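A short worksheet on the structure shown next.
The values are calculated or read from the model by the stated rules, or taken from the named source; none is laboratory data. All values derive from a computational prediction rather than experimental measurement. Cβ atoms come from the backbone with ideal geometry, glycine included; neighbour counts cover every protein chain shown. The accessibility values were calculated without ligands, DNA or RNA, using every heavy atom of the protein model including side chains. Shrake-Rupley method; radii C 1.70, N 1.55, O 1.52, S 1.80 Å.
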Amino acid sequence: MKQLLLATAALLSSPALAADTAALRDAALKDDLAWEITETLTTEIGPRPAAGEAEARARDWAVKKLNALGFANVRIETFDMPAWERGAETAEIISPFPQRLVLAALGNSGATPSAGITAEVVAFDGLQALEAAPAAQVAGKIVFVNHAMAATQDGSAYGPFGQIRRKGPSVASQKGAAAIVIRSIGTDHHRNPHTGVQVWAEGVKPIPAAALTLPDADQLARIFKRGKPVTMHLTLTPRSVGTRQSGNVIAEVPGREKDAGIVLIGGHLDSWDQGTGAIDDAAGVAITTAAAKRIMDAGKPLRTIRLVWFGAEEVGLFGGNAYRDRHRTEKHAVAAESDFGADRVWRFQTNVSATSAPVVTPKLSAALNPLGIAFGGRNGDAGGSDISVMTAIGVPTLELSQDGTRYFDLHHTPDDTLDKVDPEQLRQNVAAWTAMLSVVANDATELGPIDPPAAAH
Ligand code: ZN
Ligand code: ZN
């Protein structure tokens, strides 16, 4: 341990700064602010659907809280967006083995008549099988797409398996399906459906689209194995409710050097409607806020830290896009987001230029290694969903990767509640963010992205 601390000091350019970073990091292991924010948001506001009245109340609470904590330039930047609301959602097998199934509508799902629809079900193992199917096999039927997503520490299964949710409904509609039910994009075996957004492809007619719980998808697959035709009755009555207002809540820790650029951090304030959005993403706004507060209280950093509690992430990055449109001409030194639960950080990744990497990587390693966080390499996709739109315009990003092993057991389910947040792991997150901010907000190195923005190609 002593050798590690000596190595830590040697790797940082300024011995004083190294000591500050280590002290700030270690003090953050006793943090209570992140828990307090997570507990209050999930208790006093609860679920925070995008563009709804609870999200607006959460913004008002956030402004009061961030002002009380001493942040500068606290404000709400509103934007308009199309809103969608969940309705009734029931399903039952009519034949061959009559029984209820448990499901939840996917974001932007179309609706059945209030009495529901009854149709034969056609089953596919994965999106490719559905894509390969002739329209005649699908037309007029309820499509069921099964899959075999498994838990991974880095969450890498979500990209490919998530395509079933993101694209499956459009593919089914294009082939004339009456509706689609997918196996939830999750890894648990509880009878909780995982909702999530899907966006209709250009010109595609919305159809009813929902996610079955994993046990219900298993049940339906076993029923199919009996080899008899399967008929389902499905009722989904969500509706689009027109244009409504959402907003980003912004707060700052002003820096000493205006030209050094902004360190953009945050998480998203909105959540899905079924749980209370504790791990997705009250914890993320809480972790980043607690870390920024610690840097602020330690004295003015070199760079301005801008904290954003993004609105309306879940339904299509409306907050991230609104932020980019409004702030794209400002100099952003680097961006990072916390939006992968509340479990411990185990890795960091960087989307920085080849020239800055040898400067910044050793400093971050020295600051983070004592927390059990290893360097995971340079990665152009490092970051989070809200800041991905900043990556696209050439802003460098950092990622403090949280352990995702149990994230997709809870993600977008009624089980995303406060009791799933482990206070000790939450504190380790705050310590990691505090250490990372202490390094990048106090170092003038131009980080630059791995790749120039797409527009420059
Ligand atoms: Zn999220
Ligand atoms: Zn989410």
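Which of the residues spanning the range 41-87 are closer than 30 Å to residue 300 by Cα, touching a Lys or Arg at 6+ places or on another chain (Cβ under 8 Å) and surrounded by fewer than 20 Cβ atoms within 10 Å (Cβ to Cβ)? Full working, then the answer.
Pass one, the range 41-87, residues closer than 30 Å to residue 300 by Cα: 41, 58-78.
Next, from what is left, pick out any that are touching a Lys or Arg at 6+ places or on another chain (Cβ under 8 Å): 41, 58, 63, 69-71, 76-77.
Answer for the range 41-87, where residues must be closer than 30 Å to residue 300 by Cα, touching a Lys or Arg at 6+ places or on another chain (Cβ under 8 Å) and surrounded by fewer than 20 Cβ atoms within 10 Å (Cβ to Cβ): 63, 69, 70, 76, 77.
Applying the selection to the range 145-155, what residues are in contact (Cβ under 8 Å) with a residue 60 or more places away in the chain and either closer than 15 Å to residue 168 by Cβ or open to solvent by 80 Å² or more (accessible area, probe 1.4 Å) (or both)? First the steps, then the outcome.
From the range 145-155, those in contact (Cβ under 8 Å) with a residue 60 or more places away in the chain are 146, 149, 151-155; that's our starting set.
Residues satisfying the conditions are 146, 149.
May I ask you to say which residue of 205, 167 is farther than 17 Å from residue 111 by Cβ, touching a residue at least 40 places away in the same chain (Cβ under 8 Å), out of contact with any strand residue (DSSP E or B) (no Cβ under 8 Å at 6 or more places or on another chain) and open to solvent by 50 Å² or more (accessible area, probe 1.4 Å)? Talk me through it step by step, then tell me what you get.
On the way: 205 fails: farther than 17 Å from residue 111 by Cβ.
Only one candidate qualifies: 167.
Among the residues of the range 282-294, is there at least one that is within 11 Å of ligand 2 (Cβ to nearest atom) and closer than 24 Å to residue 106 by Cα? Reasoning before the result, please.
Quick first cut of the range 282-294, residues within 11 Å of ligand 2 (Cβ to nearest atom) only: 284.
With the extra rule that they be closer than 24 Å to residue 106 by Cα, the set shrinks to 284.
There is at least one residue in the range 282-294 that is within 11 Å of ligand 2 (Cβ to nearest atom) and closer than 24 Å to residue 106 by Cα.
Buried (at least 21 other Cβ atoms within 10 Å of the Cβ) and modelled with pLDDT of 95 or more, is that true of residue 142? Even if it seems obvious, please write down each step before you answer.
On the way: buried (at least 21 other Cβ atoms within 10 Å of the Cβ): yes; modelled with pLDDT of 95 or more: yes.
It is true that residue 142 is buried (at least 21 other Cβ atoms within 10 Å of the Cβ) and modelled with pLDDT of 95 or more.
What are the residues in the range 105-146 that are under 33 Å from the mean Cα position of the chain (by Cα) and polar (S, T, N, Q), if any?
108, 109, 112, 114, 128, 146
Quick one: which strands (runs of 3 or more DSSP E) lie wholly within the range 86-142 and hold at least 3 residues that are in contact with a His (Cβ under 9 Å, 6 or more places away or on another chain), within 20 Å of residue 173 (Cα to Cα) and in contact (Cβ under 8 Å) with a residue 40 or more places away in the chain? Outline the logic, then answer.
Working: elements: 89-95, 99-101, 103-105, 117-125.
Because the criterion is at least 3 residues that are in contact with a His (Cβ under 9 Å, 6 or more places away or on another chain), within 20 Å of residue 173 (Cα to Cα) and in contact (Cβ under 8 Å) with a residue 40 or more places away in the chain, the strands (runs of 3 or more DSSP E) in the range 86-142 that meet it are 117-125.
Could you list, in sequence order, the residues of the range 328-339 that are among the hydrophobic types (A, V, I, L, M, F, W, C) and more than 16 Å from ligand 1 (Cβ to nearest atom)?
First, the residues of the range 328-339 that are among the hydrophobic types (A, V, I, L, M, F, W, C): 333-336.
Answer for the range 328-339, where residues must be among the hydrophobic types (A, V, I, L, M, F, W, C) and more than 16 Å from ligand 1 (Cβ to nearest atom): 333, 334.
If the requirement is being away from ligand 2 (no atom under 16 Å from the Cβ), among the polar types (S, T, N, Q), open to solvent by less than 40 Å² (accessible area, probe 1.4 Å) and within 19 Å of the chain's Cα centre (by Cα), which of these qualifies: 405, 391?
Working: 405 fails: open to solvent by less than 40 Å² (accessible area, probe 1.4 Å).
Matching residue, one of 405, 391: 391.
Exactly one of these conditions fails for residue 104: (1) more than 30 Å from residue 117 (Cβ to Cβ); (2) open to solvent by less than 60 Å² (accessible area, probe 1.4 Å); (3) of a type outside the set (Asp, Glu). Give me its number.
(1)
Give all pairs with beta carbons closer than 7 Å in which a residue from the range 263-283 that is without any contact (Cβ under 8 Å) to a residue 24 or more places away in the chain meets a residue that is among the hydrophobic types (A, V, I, L, M, F, W, C) and more than 11 Å from ligand 1 (Cβ to nearest atom); count only pairs at least 6 apart in sequence or on separate chains.
Note: no pairs meet the criteria.
Which residue is surrounded by the most Cβ atoms within 10 Å (Cβ to Cβ), if the candidates are limited to the range 263-281 and must be more than 10 Å from ligand 2 (Cβ to nearest atom) and in a strand (DSSP E or B)?
Of everything passing the filter in the range 263-281, 266 is surrounded by the most Cβ atoms within 10 Å (Cβ to Cβ).
Could you tell me which of the residues 413, 397, 417 is open to solvent by 20 Å² or more (accessible area, probe 1.4 Å), modelled with pLDDT of 95 or more and of a type in the set (Ser, Thr, Tyr)?
On the way: 413 fails: open to solvent by 20 Å² or more (accessible area, probe 1.4 Å); 397 fails: open to solvent by 20 Å² or more (accessible area, probe 1.4 Å).
The unique qualifying residue is 417.
Any residue at all in the range 340-353 that's away from ligand 2 (no atom under 16 Å from the Cβ), surrounded by fewer than 23 Cβ atoms within 10 Å (Cβ to Cβ) and of a type in the set (Lys, Arg)?
If we filter the range 340-353 for residues that are away from ligand 2 (no atom under 16 Å from the Cβ), which is where we start, we get 344-353.
Right, trim to surrounded by fewer than 23 Cβ atoms within 10 Å (Cβ to Cβ) and you get 344, 346-347, 349, 353.
Narrowing the set further to residues that are of a type in the set (Lys, Arg) leaves 344, 347.
Yes: one or more hits.
Yes or no, residue by residue, for (1) touching a Ser or Thr at 6+ places or on another chain (Cβ under 9 Å); (2) outside any loop (DSSP other than H, G, I, E, B); (3) more than 16 Å from ligand 1 (Cβ to nearest atom):
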{"site": "309", "(1), (2), (3)": "yes, yes, no"}
{"site": "312", "(1), (2), (3)": "yes, no, no"}
{"site": "324", "(1), (2), (3)": "no, yes, yes"}
{"site": "341", "(1), (2), (3)": "no, no, no"}
{"site": "360", "(1), (2), (3)": "yes, yes, yes"}
{"site": "380", "(1), (2), (3)": "yes, no, yes"}
{"site": "394", "(1), (2), (3)": "no, no, yes"}
{"site": "400", "(1), (2), (3)": "yes, yes, no"}
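I'd like to verify a number: residues in the range 315-339 that are open to solvent by less than 50 Å² (accessible area, probe 1.4 Å) and among the polar types (S, T, N, Q), how many?
2
Among the listed residues 256, 244, identify the single one that is in a strand (DSSP E or B), open to solvent by 10 Å² or more (accessible area, probe 1.4 Å) and more than 19 Å from residue 35 (Cα to Cα).
Values: 256 fails: in a strand (DSSP E or B).
Answer to the selection: 244.
For the range 230-241, how many residues are over 24 Å from the mean Cα position of the chain (by Cα) and either within 16 Å of ligand 1 (Cβ to nearest atom) or surrounded by 23 or more Cβ atoms within 10 Å (Cβ to Cβ) (or both)?
Result for the range 230-241: 3.
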